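Before any comments, here is the structure.
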Amino acid sequence: MKILVIESSPHKKGSSNLLAENFVRGAREAGNSVTVFDVARANIHPCLACEVCGMNGPCTQKDDMEKLKELILQSDMVVFVTPLYYFGMSAQLKIAIDRCYSFNSKLHAKDLKTALIAASWDSNEVKMRPLVEHYQMICHYLGFKDKGMIIGLGCGTPAMTQKTVYPQRAYEFGKSI
């Protein structure tokens with residue numbers, strides 16, 4: 001299977017990317033082809049809501065979203081990776097997801113598998129609910145097939161994260177795909 005992992009943390013070596021690395025290792029060991037795209041370091045601008053694309057045409061903006069679009073459309077599965085910021089995904093990931101508007105029709109027709117990997121400083125599960133619900137609504141709206149989530153609680157720093165069960169769970173999740 002061709003898997004695209006979309007990282008979005010401003011901290012290249014942060015906790016959410018640490019979990020993603022473990023997922024990638026497991027997925028590759030299971031024989032999958034995995035590509036990692038870092039939207040936090042890409043040149044992707046917010047959607048202008050200009051409607052030129054009509055949800056099924058080229059976007060008027062010419063930036064790194066063109067490359068991400070091709071990677072998404074070539075993939076069998078997309079894994080969204082984010083730290084928890086104010087009860088939601090990072091702005092970097094949200095910008096990329098918003099830009100998917102220009103190819104909504106293609107996404108609907110794709111039958112894409114997806115997953116969510118998220119890291120939160122806090123250990124309180126309730127604080128992750130808005131992020132999880134947002135992800136689930138995106139899946140529902142675009143017809144994505146959710147294959148699972150790694151919701152890392154108490155993962156404020158990479159050192160904290162290493163002491164939790166979540167790196168191993170991310171690895172095992174990758175192996176199971």
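The values are calculated or read from the model by the stated rules, or taken from the named source; none is laboratory data. Only a predicted model underlies this, so the values are computations on that prediction, with no experimental measurement involved. Cβ atoms come from the backbone with ideal geometry, glycine included; neighbour counts cover every protein chain shown. The accessibility values were calculated without ligands, DNA or RNA, using every heavy atom of the protein model including side chains. Shrake-Rupley method; radii C 1.70, N 1.55, O 1.52, S 1.80 Å.
Quick notes on this structure:
- Flag for A49 being open to solvent by 20 Å² or more (accessible area, probe 1.4 Å), of a type in the set (A, V, I, L, M) and under 15 Å from Y101 (Cα atoms): yes
- Considering residues of segment 11-37 that are touching a Lys or Arg at 6+ places or on another chain (Cβ under 9 Å) and surrounded by fewer than 17 Cβ atoms within 10 Å (Cβ to Cβ) only, the residue modelled with the lowest pLDDT: K12
Residue-wise test of (1) open to solvent by less than 60 Å² (accessible area, probe 1.4 Å); (2) of a type in the set (S, T, Y).
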position	(1), (2)
G57	yes, no
V78	yes, no
V81	yes, no
L84	yes, no
Q92	yes, no
H108	no, no
D111	no, no
T114	yes, yes
G156	yes, no
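- Residue within segment 68-85 that is of a type outside the set (S, T, Y), touching a residue at least 12 places away in the same chain (Cβ under 8 Å), more than 24 Å from K2 (Cα to Cα) and part of a loop (DSSP other than H, G, I, E, B) present: yes
- Flag if L19 is under 24 Å from K113 (Cβ atoms), touching a strand residue (DSSP E or B) at 6+ places or on another chain (Cβ under 7 Å) and not basic (K, R): yes
- Residue among A49, A27, A96, A20 that alone is on the phi > 0 side of the Ramachandran plot and hydrophobic (A, V, I, L, M, F, W, C): A49
- Residue within segment 103-119 that is modelled with pLDDT of 95 or more and aromatic (F, W, Y) present: no
- Pair list, Cβ < 7 Å and 6+ apart or interchain, from segment 142-171 residues that are under 30 Å from N56 (Cβ atoms) and touching a residue at least 40 places away in the same chain (Cβ under 8 Å) to residues that are open to solvent by 40 Å² or more (accessible area, probe 1.4 Å) and of a type in the set (D, E, K, R): K147/K113
- Checking every residue in segment 136-143 against the condition of being over 15 Å from V79 (Cα atoms), open to solvent by 10 Å² or more (accessible area, probe 1.4 Å), out of contact with any Lys or Arg (no Cβ under 9 Å at 6 or more places or on another chain) and hydrophobic (A, V, I, L, M, F, W, C) gives at least one match.
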